[in-house]
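One structure below.
The values are calculated or read from the model by the stated rules, or taken from the named source; none is laboratory data. Keep in mind it's a predicted model, so treat the numbers as computed, not measured. Neighbour counts run over all protein chains shown; Cβ positions are idealised from the backbone, glycine included. Heavy atoms of the whole protein, side chains included, go into the accessibility calculation; ligands, DNA and RNA do not. Shrake-Rupley method; radii C 1.70, N 1.55, O 1.52, S 1.80 Å.
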Amino acid sequence: MPDQVLFALEVTINGLMAGVLYALVALGFVLIFKASGIFNYAQGVMALFAALTLVGIMEGQVPFEHLINATFGTGIHGFGWQVPAILAIVLTVVVMVIFAWVVNWLVLRHLVGQEPIILFMATIGLAYFLEGLGDMMWGSDIRTLDVGLPQGINTLVDQVTFDAFGYGLFIDNLDISATIIAIVLVAALVAFSQYTKEGRALRAVADDHQAALSVGISLNFIWVLTWSIAGFVALVAGIVWGAKSGVQFSLSLIALKALPVLMLGGFTSIPGAIVGGLIIGVGEKLFEFWVGPLVGGATENWFAYVLALVFLVFRPQGLFGERIIERV
């Protein structure tokens, strides 16, 4: 098999893996948009905050220790213990549920029936607040995150492909783990949305807040539930991205890569988030592989947004989104 074909195959597989990581972030956007019609600008920061909280708990760090030391002149430097990864993940999930309740209590319940732009602006404020809170609670240093996910080249794939083609494909174990996690997560979310009472209530709230209230659906409960699930999805995304590139404040920018994914897959489709992520991941890698050398490289920085722009022109609802028809 020609070397160029083998290189393209390796690029395609790694693009699929990268697309899964984008899709994990996009899932949080889809969940909140389906339930409340809110485009949650803070989703990327939620992933950052969840990852920071997880690392802080695992390392036994005292929340706000930098602020306490600066204010009172103390020398606090952690509790002096390490927390197992599983227990730390459970505690972080509890923190994200509390966060969801606080957001609903302080923000969302006061904005029932408001225009979407007002809700969107509220999430922008929430994003900046949450980023500052994360900085004060856990500091701004770059952290390593190790929850036991395997990393490095998959030797089995490398050996099998080398024996078959004379060229070993480089596939990262972390990307394989992320793919498995994403498949399980999407299956669980689809099953929850389609086959549970709470999932059907969630879809009813998405269609019409006031109508859902009139039939006895608790808007407060649904929004807390939705933001809690979105917080859990943000934690999963934060774990995967944090393990891959470290927990740092640039992690919040992964939300920008989720926007083209949403435009391709549709803002209301959970499977669409996955498909859109795979298209973006493969597309940007192959485009960089074939076209990048001809135009000086760095096409991965803008390819996804150009593709999303094309979709906005010709199919604004995305591949799986619902076509909105308004009668005048």
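Residues in segment 146-181 that are open to solvent by 80 Å² or more (accessible area, probe 1.4 Å) and aliphatic (A, V, I, L, M): LEU156, VAL160, ILE180.
In segment 182-197, the condition of being surrounded by fewer than 18 Cβ atoms within 10 Å (Cβ to Cβ) and either acidic (Asp, Glu) or in a loop (DSSP other than H, G, I, E, B) (or both) is met by at least one residue. Taken over segment 92-115, the residue count meeting the criterion of being farther than 28 Å from GLN61 by Cβ, in a helix (DSSP H, G or I) and either open to solvent by 80 Å² or more (accessible area, probe 1.4 Å) or of a type in the set (Gly, Ala, Ser) (or both) is 2. Count of segment 193-233 residues, restricted to those that are among the aromatic types (Phe, Trp, Tyr) and modelled with pLDDT under 85, is 3. GLU10 falls short on exactly one of the conditions (1) modelled with pLDDT under 85; (2) surrounded by fewer than 24 Cβ atoms within 10 Å (Cβ to Cβ), and that condition is (1).
Inspect segment 234-253 for any residue being modelled with pLDDT under 85, open to solvent by less than 10 Å² (accessible area, probe 1.4 Å) and assigned to a helix (DSSP H, G or I) and give the result as yes or no. Checking segment 234-253: at least one residue is modelled with pLDDT under 85, open to solvent by less than 10 Å² (accessible area, probe 1.4 Å) and assigned to a helix (DSSP H, G or I).
Do we have ALA51 as at pLDDT 85 or above, assigned to a helix (DSSP H, G or I), under 12 Å from the mean Cα position of the chain (by Cα) and of a type outside the set (D, E, K, R) here? Yes. Checked against (1) hydroxyl-bearing (Ser, Thr, Tyr); (2) part of a helix (DSSP H, G or I); (3) surrounded by 13 or more Cβ atoms within 10 Å (Cβ to Cβ), TYR41 passes all but a single condition, namely (2). In the set ILE217, ILE229, only one residue is in contact (Cβ under 8 Å) with a residue 12 or more places away in the chain and either at positive phi or part of a loop (DSSP other than H, G, I, E, B) (or both); that residue is ILE217.
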